[in-house]
Amino acid sequence: MQPAAPPTAEAQPAVAFLARADKRARADVDGEEAGKARRGPFRPGQLIPSRARLETRPLSRIFRVVDILAAVLAALGVTAEGHPIAGGLWAITALIGLRALGLYGFPRGDTARRHLGRAAPALAASFLAASTVVLLSGHPDASTFWTLATATVGLAGLQAVWWRVIADGRKQGRLTPNIVVIGATANAERLINAAMRTGEVNVLGVFDDRLDRAPETIMGVPVLGDTNALLDHRIMPYVDRVVIAVRSTAEVRVRQLVDKLGVLPNPLNLFIGVGGPAEDDLALARIAAGGENELSGAGLSPRHAWIKRAQDLTVAILGLVVAGPVMLIVALAVKLDSPGPIFFRQRRHGFNNEEILVWKFRSMRHEMADAQAARQISANDDRVTRVGKFIRKTSLDELPQLFNVLRGEMSIVGPRPHAIGMKTGGVESAKLVAEYAHRHRMKPGLTGWAAIKGSRGPVDTPESVRQRVALDVEYIERQSFWLDLYIIAMTIPCLLGDRSAVR
């Protein structure tokens, strides 16, 4: 664990440039036409935090499951009318046809008319095949044909719904990864060209250390600053990947950039343009999926992310049901114990350095609250109320964060969220350890590996910060469904058995 390098005088121009970039970003938010022009051709109307980004492939699997269930129900309806072979043939033909014709691929640029046009042969074939079986059965009836027709139209309607969900998700930016590019180079131009052709990614901006030689835009994408500006840029919580697009022969420069940008929580990739447009398109598609020249910052795979989210929702809902009466009692006690609101809200770092508003039961006197955590908690802290001492000692003050979990801002298990600008010994904690931002490669948690390993409460010394970061990074590298269950099971006995930690 290496201490972070102190800022140098060379960073001052970058800070000035960042201020100008932030002014441009505020103009974007205001919706002014001039601001919109500076955003570039890829910027979606609303920036979505990277934690809320979805992927098309898992959604398409869900759509297929729903289609299968709908087809099975329709087949059962036809079977109930005395035609089991027709019902089964209809369902099998429709499902195989939809899969074979690529209806679950959802290529970019596909219109609703083309999507339904591809579905039509499969649905028509299934209807004709089943109708033929009914006619040959010797006892056809109109109700069976109506059932088959209704099922066919219903399955077509589902295809229209799936297309609309994907189209709206891409329009809103939920299904398209956002990237920033390092290097105002010919490779960057090739990458942006590929993005325009395929729509695989949104290129939000370019960063280059040679600002004196770099253009203001590359194919309409704005150059936002140098790599020093990138490290703290306000756009980064919305960025899914940072892509280095310098020359493939600049190996030394690539290593320097990896060393410098490795402190970011955002995954880092390398784009090497050595082929033609088709090769560029394939490379960009692999980068968008996280499988091309990944250099650092690998997070959860989509499958593991879905599993962890399901685990979070299940535990959070059960936790609210079980802890609901306790939360009501705590809320009443806080209100009666001292004047002020029941809840304390504090801005903290979330996934990818996103700022989130974390909820707790108020444990300090309202007039002495410290939203910036400039002064961390200490033994016999005069700011803590009588009820506050109890709920902090038992961690009951953290229970409202179950709502943060339901909102998708936190997980049940993960690195604990630290306040933005939190200080240790008068120095911002994030500046004490170069790997500090690695904690933000995963959503913060109600509990975590560090909590059950003794790193709880304040981090009031540089060594305690380094220990906390080391344990958090170890958890991120080892994370699994079963490890999370183990941490959840060990949390309560660890908390109750620890009399030494200040909380």
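The Rg/Rh ratio for segment 130-286, using Cα coordinates for both the radius of gyration and the Kirkwood hydrodynamic radius, is 1.31.
If only the Cβ of Lys and Arg carry +1 and only the Cβ of Asp and Glu carry -1, the dipole of segment 158-249 around its Cα centre is close to 420 debye.
Ranked highest first by average number of other Cβ atoms within 10 Å, how do 57-69, 85-97 line up?
Values: 57-69: 14.5, 85-97: 21.1.
Sorting 57-69, 85-97 by mean packing, highest first, produces 85-97, 57-69.
Projected onto their three principal axes, the Cα atoms of segment 208-290 cover extents of 34, 29, 28 Å, largest first. Summarising the amide proton neighbourhood of residue 446: residues at separation of 5 or more, or on other chains, whose placed amide H is nearer than 5 Å comprise 411, 412, 413, 414.
May I ask which residue of 166, 225, 196 lies farthest towards the positive end of the charge dipole of segment 147-263, with charges of +1 (Lys, Arg) and -1 (Asp, Glu) on Cβ and the Cα centre as origin? Toward the positive end, the furthest listed residue is 166.
Per residue, how large is the accessible surface of segment 164-243? Use a 1.4 angstrom probe and give square angstrom. Value returned for segment 164-243: 37 Å² of accessible area per residue.
Solvent-accessible surface of segment 301-362, averaged per residue with a 1.4 angstrom probe and all protein chains in place: 54 square angstrom. Can you figure out the FRET efficiency of residue 232 with residue 490, using R₀ = 30 Å and their beta-carbon distance, to the nearest 0.05? Once the sixth-power term is evaluated, E becomes 0.25. Carbon and sulfur together cover what percent of the accessible area of segment 161-309 at a 1.4 Å probe radius? Using a 1.4 Å probe with all protein chains present, segment 161-309 comes out at 52 percent carbon and sulfur.
Taking the Cα centre of segment 251-291 as origin and assigning +1 to Lys and Arg Cβ atoms and -1 to Asp and Glu Cβ atoms, the resulting dipole is close to 220 debye. Computed across segment 110-207, the Kirkwood hydrodynamic radius from all distinct Cα-Cα pairs reaches 17.1 Å.
Listed here are the pairs 335/360; 360/393; 308/443; 393/453; 171/443; 260/453; which of them are more than 22 Å apart at the Cα? Mind showing how you got there, number by number?
On the way: 335/360 14 Å; 360/393 14 Å; 308/443 10 Å; 393/453 17 Å; 171/443 25 Å; 260/453 30 Å.
Table pairs above 22 Å Cα-Cα are 171/443; 260/453.
Protection proxy ranking of 353-361, 167-175, 314-322, by the mean of other Cβ atoms within 10 Å over each peptide's residues and highest first, is 353-361, 167-175, 314-322. Protein heavy-atom surface of segment 322-365, 1.4 angstrom probe: 69% of the accessible area is carbon and sulfur, with nucleic acids and ligands not counted.
In segment 109-149, carbon and sulfur make up what percent of the accessible area (probe 1.4 Å)? Don't skip to the answer; put the middle values down first.
Working: 1660 of 2260 Å².
After summing per-atom areas, the C and S share lands at 73 percent.
Residues whose amide H comes within less than 5 Å of that of residue 223, counting only those at least five positions distant or on another chain, are 206, 217, 218 (H built at 1.01 Å from N in the peptide plane). Simple point charges give the picture: +1 on the Cβ of Lys and Arg, -1 on the Cβ of Asp and Glu, and for segment 118-277 a dipole about the Cα centre of about 140 debye.
Counting only heavy atoms of protein chains, what accessible area per residue, in Å², does segment 52-142 have with a probe of 1.4 Å? All intermediate terms of the calculation are to be shown ahead of the outcome.
Numbers: 4790 Å² over 91 residues.
For segment 52-142, the per-residue accessible area is 53 Å².
The values are calculated or read from the model by the stated rules, or taken from the named source; none is laboratory data. Values in this document were obtained by computation on a predicted structure and should not be read as measured data. As a convention, Cβ positions derive from the backbone with ideal geometry for all residues, glycine included, and neighbour counts pool all protein chains shown. SASA here: full protein model, heavy atoms, side chains in, ligands and nucleic acids out. Shrake-Rupley method; radii C 1.70, N 1.55, O 1.52, S 1.80 Å.
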